[in-house]
1. Using θ = phi - 60° and the Karplus form 6.51 cos²θ - 1.76 cosθ + 1.60, what ³J(HN,Hα) does each residue of segment 166-172 get, whole Hz, x for Gly and Pro?
2. How much mean residue ellipticity at 222 nm does the chain get from its helices, if each DSSP H run of length 4 or more adds -39500 (n - 2.57) and you divide by all residues, to the nearest 500 deg cm²/dmol?
3. Under a cut-off of 17 Å between alpha-carbon atoms, report the lysines in cross-link reach of LYS172, not counting same-chain residues fewer than 8 places apart.
4. Can you work out the Karplus-derived ³J(HN,Hα) for every residue in segment 38-45? Use 6.51 cos²θ - 1.76 cosθ + 1.60 with θ = phi - 60°, whole Hz, and x for glycine or proline.
5. How much length is gained if the chain between MET188 and ARG208 is pulled fully straight, taking 0.36 nm per residue apart and subtracting their Cα-Cα distance, in nm to one decimal?
6. From largest accessible area down, sort GLU139, GLU103, GLU41, GLU184; use a 1.4 Å probe on the protein chains.
7. Quick query: amide H of PHE52 versus all other amide H atoms, modeled in the peptide plane; which residues come in under 5 Å with a sequence gap of 5 or more or a different chain?
8. Using a basic spin-label model with each label point 7 Å from the Cα along Cα→Cβ, how many nm lie between SER46 and GLN226?
Amino acid sequence: MRDSLVLAVAALGIATTASSSARSSLWTPAPRTSWQWQLTEPVNLSVRASVFDIDGFDNSRAVVARLHGLGRRVICYLDVGAYESYRPDAKAFPSALLGRLDEPWVGERWLDIRRIDLLAPIIRRRLDMCRSKGFDGVEFDEIDGYSNDTGFPLTGADQIRYNRFLAREAHKRGLAAGMKNDVEQIPMLVRDFEFAVNEQCFEYRECRTLLPFIRAGKAVFEAEYQARTSDFCPQSVRLGLSPMRKHLRLDAWRQLCPSR
């Protein structure tokens with residue numbers, strides 16, 4: 001019995017070491033890394049940025065390869081918290097998963113993230129797509145359903161469970177995992193993700209909640225829509241974020257902070 005226990009503990013240690021080694025090999029962008037966020041088509045490849053965050057469905061492997069050829073890292077944008085009627089895999093979502101409208105976005109409805117059993121096959125196929133196209137990481141959008149009016153009694157614990165599932169599945173495919181918004185749960189989840197994407201932390205006065213990522217040596221890609229660069233840049237740059245101003249439609253236009 002004692003020998004069996006020793007062997008079991010040793011095996012667990014080997015598995016943990018292997019897992020840590022796999023995690024350490026993942027791309028992890030550093031604080032203040034420059035980026036571009038464009039979800040419209042075609043992607044403007046001439047933008048000078050180290051990282052491009054682009055739509056996973058709408059862009060081909062060739063686009064990702066061209067960006068790699070320019071020395072860029074590329075993030076695969078996926079909405080994993082809401083159903084989008086216009087996606088090619090929309091019919092794969094059982095009706096039981098669909099909640100209230102995700103306003104103001106047309107054709108979108110919140111998902112019941114408690115049902116990982118139903119969501120897992122869909123998410124895994126999407127991540128397989130990101131990997132097959134050569135992306136370096138994934139931006140997981142709408143992973144804060146528990147704090148919205150989804151039509152489901154979601155809890156913070158439900159969200160943490162789902163978000164960790166997403167990160168694990170990305171890591172299994174060699175993809176860095178990006179945490180979008182959900183600032184309240186950053187302390188619990190920062191170790192699970194390689195970078196963060198945030199909208200309007202200056203406008204909502206929550207930029208400091210992102211500091212656990214910065215302290216961990218991980219980039220925070222941050223965008224403002226309404227605030228002027230002269231208002232948010234001093235604080236954002238001082239904190240170590242990667243800030244810029246964007247149009248809400250996330251086309252190629254961007255306005256950088258003066259020091260970048």
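1. 4, 4, 4, 5, 5, 5, 4
2. Rounded to the nearest 500, it is -10500 deg cm²/dmol.
3. Partners within reach: LYS133.
4. Rounded to whole hertz, the list is 9, 10, 9, 10, x, 5, 7, 6.
5. Full extension from MET188 to ARG208 adds 5.7 nm.
6. GLU103, GLU184, GLU41, GLU139
7. GLN36, ARG73, VAL74, ILE75
8. 3.3
The values are calculated or read from the model by the stated rules, or taken from the named source; none is laboratory data. For clarity, every value in this text was computed on a predicted model and none was experimentally measured. Ideal geometry is used to build each Cβ from the backbone, glycine not excepted, and the neighbour counts take in all protein chains shown. Surface areas here come from the heavy atoms of the whole protein model, side chains and all, with no ligands, DNA or RNA. Shrake-Rupley method; radii C 1.70, N 1.55, O 1.52, S 1.80 Å.
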